[in-house]
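The values are calculated or read from the model by the stated rules, or taken from the named source; none is laboratory data. What you are looking at is a predicted structure, and each value in this text was computed from that prediction instead of being measured. Cβ placement follows ideal geometry from the backbone for every residue including glycine, while neighbour counts extend to all protein chains displayed.
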Amino acid sequence: MKVLAIYGSPRKEGNTAKMMDAALSEFPEEAEIHRVYLSELNFSACGPCRECKTTGNCVIQDDMQQVYKEMLWAEMIVFGSPTQFSDVSSDLKKLMERTWWMKGDLKNKIGGYVITGRRYMESTLNTLHAFMLRHRMILGGSGALGFTHTEMGNLDNDPLALKDAHKTGKRLVELYRFIYSEKK
Ligand SMILES: Cc1cc2nc3c(=O)[nH]c(=O)nc-3n(C[C@H](O)[C@H](O)[C@H](O)COP(=O)(O)O)c2cc1C
């Protein structure tokens, strides 16, 4: 089970990371989990070059090149994002745009997510759903939302959040087994 966990929050040990870690704690020992923290990477937004239209690859030489390799390697990609101005974090949005060239490459990979925030989180969900569906990924999980009730948030105020994150992890494992084990 090859799992890529993409942490999209600017805070490495914040609410989103707690939700992600709760979900990942449901994965079996044999799962190979690679973690990518976008806040530690140096990468630009998708620019004006359009080079991928002719080369079929992203030609921008920055840390996204390693993330592309991880995304291609993974059988399952789990995204974590805080809600920031009613949407995914800017780092995660940047990553999404930079996958424009990956036409078909993410097809049939399982996708899951956890998100945090306290209001206007629907757009965050929509952005994640649209990204996965556009890449023809298989949308898994249970839609785990962490409601944090203060400005910078404290997940401990939401007793259901971590429970939901665990449910998401369980569902992703269940879906993986359905697709990869039981079908073989
Ligand atoms: C710039 C910024 C914008 C935010 N916008 C929203 C928002 O639109 N809706 C919301 O519910 N929370 C918003 N928040 C709060 C975060 O989503 C919330 O505190 C989240 O749990 C932080 O996750 P983290 O601990 O992983 O950083 C915003 C936070 C920041 C820093």
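Among the residues of this structure, GLY104 does not count as one that is surrounded by 22 or more Cβ atoms within 10 Å (Cβ to Cβ) and either more than 16 Å from the ligand (Cβ to nearest atom) or not acidic (Asp, Glu) (or both).
Listed here are the residues, each with its yes/no results for (1) hydrophobic (A, V, I, L, M, F, W, C); (2) modelled with pLDDT under 90.
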| position | (1), (2) |
| --- | --- |
| LEU125 | yes, no |
| HIS129 | no, no |
| ARG134 | no, no |
| ILE138 | yes, no |
| GLY143 | no, yes |
| THR148 | no, yes |
| LEU155 | yes, yes |
| LEU160 | yes, yes |
| HIS166 | no, no |
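Can you say whether ASP62 is assigned to a loop (DSSP other than H, G, I, E, B) and charged (D, E, K, R), as far as the supplied structure shows?
Yes, satisfied.
Mind checking which residues of the range 63-84 are within 23 Å of MET19 (Cβ to Cβ) and not β-branched (Val, Ile, Thr)? The answer is GLU70, MET71, ALA74, GLU75, MET76, PHE79, GLY80, SER81, PRO82, GLN84. Within the range 75-92, the set of residues being more than 9 Å from the ligand (Cβ to nearest atom), farther than 13 Å from MET1 by Cα and in a loop (DSSP other than H, G, I, E, B) comprises just one member, VAL88. Residue-level check: of (1) surrounded by fewer than 18 Cβ atoms within 10 Å (Cβ to Cβ); (2) farther than 21 Å from MET64 by Cβ, PRO48 misses just (2). Among residues of the range 2-27 that are more than 9 Å from the ligand (Cβ to nearest atom), those with a beta-carbon under 9 Å from a residue that is of a type in the set (Phe, Trp, Tyr) and assigned to a loop (DSSP other than H, G, I, E, B) at least six positions away or on a different chain give the pairs VAL3/PHE27. Could you please let me know if LEU72 is of a type outside the set (Phe, Trp, Tyr), within 30 Å of GLU122 (Cα to Cα) and within 16 Å of the ligand (Cβ to nearest atom)? In short, no. Taking the range 28-37, which residues are in contact (Cβ under 8 Å) with a residue 24 or more places away in the chain and under 19 Å from LYS170 (Cβ atoms)? The answer is PRO28, GLU30, ALA31, GLU32, ILE33.
Residues checked against (1) in contact with a helix residue (DSSP H, G or I) (Cβ under 9 Å, 6 or more places away or on another chain); (2) under 25 Å from CYS52 (Cβ atoms):
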site: LEU95; (1), (2): yes, yes
site: ARG98; (1), (2): yes, yes
site: GLY104; (1), (2): no, yes
site: MET132; (1), (2): no, yes
site: HIS135; (1), (2): no, yes
site: GLY140; (1), (2): yes, no
site: PHE147; (1), (2): yes, no
site: GLY169; (1), (2): yes, no
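The requirement of being in a strand (DSSP E or B) and either under 17 Å from THR127 (Cα atoms) or under 15 Å from the mean Cα position of the chain (by Cα) (or both) is fulfilled somewhere in the range 10-33, by at least one residue.
Screening SER44 against (1) more than 11 Å from the ligand (Cβ to nearest atom); (2) in contact with a Lys or Arg (Cβ under 9 Å, 6 or more places away or on another chain); (3) among the hydroxyl-bearing types (Ser, Thr, Tyr); (4) under 18 Å from MET76 (Cβ atoms) leaves a single unmet condition, (4).
Conditions (1) in contact (Cβ under 8 Å) with a residue 24 or more places away in the chain; (2) within 19 Å of the chain's Cα centre (by Cα); (3) crowded, with 16+ Cβ neighbours inside 10 Å, marked per residue:
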{"position": "GLY56", "(1), (2), (3)": "yes, no, no"}
{"position": "ASP62", "(1), (2), (3)": "no, no, no"}
{"position": "VAL67", "(1), (2), (3)": "yes, yes, yes"}
{"position": "LEU72", "(1), (2), (3)": "yes, yes, no"}
{"position": "PHE79", "(1), (2), (3)": "yes, yes, yes"}
{"position": "ASN126", "(1), (2), (3)": "no, yes, no"}
{"position": "MET137", "(1), (2), (3)": "yes, yes, yes"}
